[in-house]
1. Could you grab the relative contact order for chain A? Cα pairs under 8 Å, six or more apart, rounded to a whole percent.
2. What FRET efficiency comes out for A:Thr348 versus B:Lys314 if R0 is 45 angstrom and r is the Cβ-Cβ distance? Round to the nearest 0.05.
3. Taking H placed 1.01 Å from N in the peptide plane, check which residues at least 5 places from B:Lys203 or on another chain put their amide H under 5 Å from its amide H.
4. Would you mind getting the Kirkwood hydrodynamic radius of the protein assembly as shown from its Cα pairs, rounded to one decimal in Å?
5. How many partner chain Cβ atoms sit within 10 Å of a residue's Cβ in peptide B:337-350, on average, as a whole number?
6. When we measure straight from the Cα of A:Lys362, which lysines land under 23 angstrom away, once same-chain ones fewer than 8 places off are left out?
7. In the Gaussian network model of chain B, springs joining C-alpha atoms below 10 Å, which of B:Ile175, B:Ile371, B:Ile61 carries the largest mean-square fluctuation?
8. On alpha-carbon atoms, Rg over Rh for the stretch B:219-273 using Kirkwood Rh?
Protein chains: 2
Amino acid sequence: MENNFLKKEVSRRNVLKAGGIGMAGLFIGASGAGSLLSMTASADKKSTGTVSFYGKHQAGITTDTQNHLYFAALMLTTTDVADVKKLLKEWTESAASMAEGKLIGKPAENVLLPPDDTGEAAGLDASNLTMTFGVGPGFFEKLNLSSKKPKELAALPAFSFDALEEEWSGGDLCIQACADDPQVAFHAVRNLVRIARGKAQLKWTQAAFQRTKQANTESETPRNLFGFKDGTGNPDHTNNSLMNDLVWVNDGWMTGGTYMVVRRVQMFIEVWDRTAIGEQEATFGRYRDSGAPMSGKKEFDPVQIDKTDENGNKLMPADSHTALAHGDGKMKLLRRSYSYADGLDKKTGSFDAGLLFISFQKSVSNQFIPIQTRLANKDKLNEYTIHRGSAVFACLPGVKKGGWLGETLFR
Amino acid sequence: MENNFLKKEVSRRNVLKAGGIGMAGLFIGASGAGSLLSMTASADKKSTGTVSFYGKHQAGITTDTQNHLYFAALMLTTTDVADVKKLLKEWTESAASMAEGKLIGKPAENVLLPPDDTGEAAGLDASNLTMTFGVGPGFFEKLNLSSKKPKELAALPAFSFDALEEEWSGGDLCIQACADDPQVAFHAVRNLVRIARGKAQLKWTQAAFQRTKQANTESETPRNLFGFKDGTGNPDHTNNSLMNDLVWVNDGWMTGGTYMVVRRVQMFIEVWDRTAIGEQEATFGRYRDSGAPMSGKKEFDPVQIDKTDENGNKLMPADSHTALAHGDGKMKLLRRSYSYADGLDKKTGSFDAGLLFISFQKSVSNQFIPIQTRLANKDKLNEYTIHRGSAVFACLPGVKKGGWLGETLFR
């Protein structure tokens with residue numbers, strides 16, 4: 001950190017801009033500086049901003065999606081409630097600090113002690129880091145808190161074609177770290193896991209990405225590894241009233257929280273790449289280039305599963321992914337998925353690549369399960385994908401300044 | 001896309017910079033708007049630019065390091081030289097196209113055919129994508145080209161403490177794709193591997209990252225996953241004369257090429273994180289916060305391995321990583337390494353994280369091998385790292401427009 005009042009307040013990047021702003025003031029008068037300043041502040045949000053850790057809800061759920069994800073599921077190694085409360089308080093303090101782009105703990109002064117922070121994010125700004133914490137079904141069992149376990153936090157049913165592997169499934173706790181810098185996201189998970197030592201240990205992790213935010217494409221829907229725009233029909237995460245309907249729980253200690261489903265979906269990209277484009281589009285139910293549903297011409301045209309051509313044939317194949325996911329259009333959930341590419345699948349010699357599907361919903365039983373049941377039974381896309389991992393978590397309510405993660409659960 | 005003429009032309013990031021710098025121009029006459037635009041175009045280079053595929057040397061070697069790497073090693077499945085020449089020509093054409101941010105092949109028109117391009121990078125810009133191609137020792141053996149095999153392209157000797165695994169080692173061909181967008185880097189490797197079908201297949205891959213470029217920190221040295229600045233002593237890759245001395249081969253068909261060493265170095269980050277900061281610094285031979293060698297105070301102070309304190313004790317521990325890597329300071333190589341974080345190491349329950357060490361050098365036997373021999377025998381850092389993978393490649397000379405990869409080899 002350099003010795004400059006501006007630099008103490010903001011990242012060096014912003015200082016550069018602020019330097020520019022000062023120049024403008026020199027030439028155009030005081031009012032010009034003000035308007036330019038507000039422009040830079042809002043425009044900067046996307047790339048190097050800060051997302052507050054505190055709020056009615058946790059960040060990382062209805063936050064604009066960042067470019068990188070590091071997801072970790074942990075298993076409790078203690079059954080002592082006091083230990084776990086201590087962990088959640090320490091996580092709160094550290095996460096709030098990292099969300100501001102700060103290192104955790106104190107600077108290393110005593111050479112005989114390990115440093116509080118592992119250090120690899122020193123000099124990097126917050127990069128819109130969010131850390132979202134959840135608890136799984138086993139959390140309540142191990143801590144003898146079954147009376148507090150929400151009904152919605154049940155193990156998911158087995159779906160047709162599931163090929164779940166224990167190494168990609170479950171968890172008593174989870175941390176979803178998202179940031180516009182992968183090193184910042186990894187640093188967050190690493191330090192939070194380090195703090196948990198003796199209380200919880202890693203079960204599985206997944207690094208994932210989506211298209212980088214780019215100047216000209218920020219409002220475009222990202223493409224998945226099948227090359228298709230994915231997320232066009234996602235509900236608007238900036239619409240609070242809609243999010244209250246679909247995402248946020250309003251019941252007991254979970255008020256302000258939500259339920260998270262995570263599925264590790266391997267995509268057989270080599271097989272897909274050998275498939276005719278017409279077949280790809282009929283399978284996905286959208287046109288590849290435009291992203292339009294096959295019942296329309298433009299990306300955001302409505303999905304109309306019963307619309308027919310002049311011969312009475314349905315425009316959207318009934319077994320297409322988009323038609324089945326849409327159903328009658330009444331059930332929605334908020335998706336916040338990322339692509340992964342983990343190199344070679346040693347079993348097949350193909351890429352182990354796919355989607356870390358993540359959805360948030362008020363009710364797993366009313367939202368995720370019926371949709372996934374339809375997809376699992378009939379989706380033509382199942383020829384090209386397989387679900388390798390599955391987990392469900394109750395995402396804790398947001399934290400007020402001075403409060404801590406899980407406070408309402410333990411109150 | 002926002003409705004603003006500036007935002008249509010250039011990234012938001014650069015608009016802001018230009019806004020600051022060019023303000024004077026903007027307000028003192030109509031010409032200001034024009035100069036503002038041209039300035040933003042050049043300022044954009046770092047984040048969303050294009051690196052030419054063509055040149056005397058391949059890109060991705062002395063190119064400014066991008067934020068993301070996708071590395072792939074392949075094995076030939078043909079012994080037919082004509083097949084391999086065809087592959088190298090197809091790779092040339094596709095790589096040149098992708099380097100410009102274009103999709104490969106033609107747009108999908110016939111719905112009965114698979115698309116030429118897998119599509120997930122549609123709408124994304126070039127993101128400084130470079131693809132660097134190399135051939136391993138097995139390439140010459142399988143194609144019965146032993147007379148062309150460079151002496152420097154020999155299997156590396158076994159080093160002390162090597163724990164190499166076949167699944168992270170070797171390769172008859174390699175592709176190093178680097179970009180500022182992970183989806184762009186993955187897309188490149190995926191499509192190049194797809195083109196190789198029937199001629200070569202994947203052996204191993206590694207996705208990796210380093211700190212994201214940030215406006216204010218571009219000239220800072222990245223930190224590795226031990227939290228230390230890593231690369232301070234790297235030779236200046238923009239110094240052509242130095243690169244001619246250290247990197248570029250000037251001999252026969254390899255003229256303009258170089259040799260690449262790749263080592264997958266797992267770092268025991270949990271053990272490191274429990275180590276006292278004083279011990280960490282003595283092990284690395286640098287101070288963590290500043291990056292200064294222990295013989296100095298500032299990051300770029302010279303490494304002086306014989307400098308002593310007032311009591312005659314050496315300031316740099318003789319077994320520190322920096323002291324041993326430096327040696328007498330006469331042997332250097334160009335490092336271009338990336339960090340990886342592959343989740344859980346199932347053997348240990350710890351993170352499988354570390355460094356994909358990549359170095360380029362004119363002579364493996366004179367540069368990499370002596371340095372690595374010193375490090376392998378004495379480096380105190382060996383307590384915290386283990387080499388799991390190793391490969392060596394001859395990076396082909398650069399390609400002229402109209403030429404193709406490997407042309408001089410087959411001429």
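The values are calculated or read from the model by the stated rules, or taken from the named source; none is laboratory data. Given the structure is predicted, the values throughout are model-derived calculations rather than measurements. Don't worry about glycine lacking a Cβ; one is built from the backbone with ideal geometry, like all the others, and counts go over all protein chains shown. Just so you know, the surface numbers come from the protein's heavy atoms only, side chains and all, with ligands and any DNA or RNA stripped out. Shrake-Rupley method; radii C 1.70, N 1.55, O 1.52, S 1.80 Å.
1. Worked out over chain A, it gives 23 percent.
2. My answer for the efficiency is 0.25.
3. Long-range HN contacts for B:Lys203: B:Ala73, B:Leu74, B:Met75.
4. For the protein assembly as shown, the Kirkwood estimate is 28.1 Å.
5. For this peptide, the per-residue mean of nearby foreign Cβ atoms is 4.
6. Result set, ordered by chain and number: A:Lys56, A:Lys148, A:Lys149, A:Lys151, A:Lys330, A:Lys332, A:Lys400.
7. B:Ile371
8. Rounded to two decimals, Rg/Rh equals 1.13.
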